[in-house]
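What follows is a set of notes on a single structure, which appears directly below.
The values are calculated or read from the model by the stated rules, or taken from the named source; none is laboratory data. Quick caveat, the model's predicted, so the values are computed rather than measured. Quick reminder, even Gly has a Cβ in these numbers, built from the backbone with ideal geometry, and neighbours come from all protein chains shown. Please note that ligands, DNA and RNA were not included when accessible areas were found on the heavy atoms of the full protein model with its side chains. Shrake-Rupley method; radii C 1.70, N 1.55, O 1.52, S 1.80 Å.
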Amino acid sequence: MAYPTSQEWYNSEELEGANVKFFLDTANLDELKKGADWGIVDGVTTNPTLIAKEGRPLEDQIRLICEIVDGDISAEVVSTEAGQMVREGRELARLHHNVVVKCPLTRDGIKATSTLSKDGIRVNVTLCFSAAQALLAAKAGAYIVSPFVGRLDDIGWTGMDLIKSIVNIYKIHGFKTQVLAASVRSPTHVVDAAAAGAHIATMPLKVLDMLFNHPLTDKGLDQFLKDWAKVFQEAPVAG
Ligand code: E4P
């Protein structure tokens, strides 16, 4: 039996829709470099809080981020009026071809999303907390919608139920908007978001790092290396 090469397998239909993307939810350049170095980071999400933490003007910080990660980089508008959001969004989109403009899920934000999307600018609609809001984002032509899982958990809801609900509704109606699980706080959130069919999970570096951990991996590797060393490194030198 001829097995497919990894490239053939990668291109096969079997994988269609089965490729959850991992984004880093940070504007910190050191964290981004560390995460990008693992070769598994597909993009970045930022928000005004994360940008403010770094202390550099938004445009400068986004340019630097674009040099580190080659993928969708979300940059959020800070205006609250639709016309201003559109102007700000156009400026942000001009910074780099990977920039995705982030607009909040308000009436003005949806109006701006609709205008920007019609112009061919990709928009991530953020601060989504209900399926009704996610429908508005999709109707406005959003490229991404960001339901906040952790913040819903914080108020005693089950954030992941929202991801499942949006993925299902989008599938029924053929919306192309990608569902990005945001406000992710743990590896369980990441796995559950992938199982629910989210297209993207964005997470802090700490959570991405935690995905690697398993005590049996450490134990197994330790034993492999000890067994190897017993024969190949501790054998008496001949002669
Ligand atoms: C996503 O784009 C948001 O920046 C982020 O996930 C918010 O996460 P938090 O609720 O941990 O602040």
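Which ones in segment 167-199 are in a strand (DSSP E or B) and either more than 19 Å from Thr46 (Cβ to Cβ) or more than 10 Å from the ligand (Cβ to nearest atom) (or both)?
At the first step, the residues of segment 167-199 found to be in a strand (DSSP E or B) are 178-182.
Selection gives Gln178, Val179.
Restricting to segment 31-50, count the residues that are more than 20 Å from His97 (Cβ to Cβ) and within 16 Å of the ligand (Cβ to nearest atom). Give the steps one after another, and end with the answer.
So the first thing to find is which residues in segment 31-50 are more than 20 Å from His97 (Cβ to Cβ), and the list is 31, 33-35, 37-40, 47-50.
Still in the running and within 16 Å of the ligand (Cβ to nearest atom): 31, 35, 47-50.
Here the count works out to 6.
Considering only segment 71-107, state which residues are within 14 Å of Asn47 (Cα to Cα), in contact with a Cys (Cβ under 6 Å, 6 or more places away or on another chain) and open to solvent by 10 Å² or more (accessible area, probe 1.4 Å).
Leu105
Kindly evaluate Lys206 against the criterion of being open to solvent by 60 Å² or more (accessible area, probe 1.4 Å) and not in a helix (DSSP H, G or I). Can you show your working first?
Numbers: open to solvent by 60 Å² or more (accessible area, probe 1.4 Å): yes; not in a helix (DSSP H, G or I): no.
No; evaluated as a whole, the condition is false for this residue.
Per-residue answers, yes or no, for (1) surrounded by 20 or more Cβ atoms within 10 Å (Cβ to Cβ); (2) of a type in the set (S, T, N, Q); (3) at positive phi:
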residue	(1), (2), (3)
Lys171	no, no, no
Phe175	no, no, no
Val179	yes, no, no
Ala194	no, no, no
Asn213	no, yes, no
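Among the residues of segment 108-156, write down those that are of a type outside the set (A, V, I, L, M), within 16 Å of the ligand (Cβ to nearest atom), part of a helix (DSSP H, G or I) and surrounded by fewer than 22 Cβ atoms within 10 Å (Cβ to Cβ).
Gln133, Gly150, Arg151, Asp153, Asp154
Please count how many residues of segment 18-51 are within 8 Å of the chain's Cα centre (by Cα) and surrounded by fewer than 20 Cβ atoms within 10 Å (Cβ to Cβ).
Result for segment 18-51: 2.
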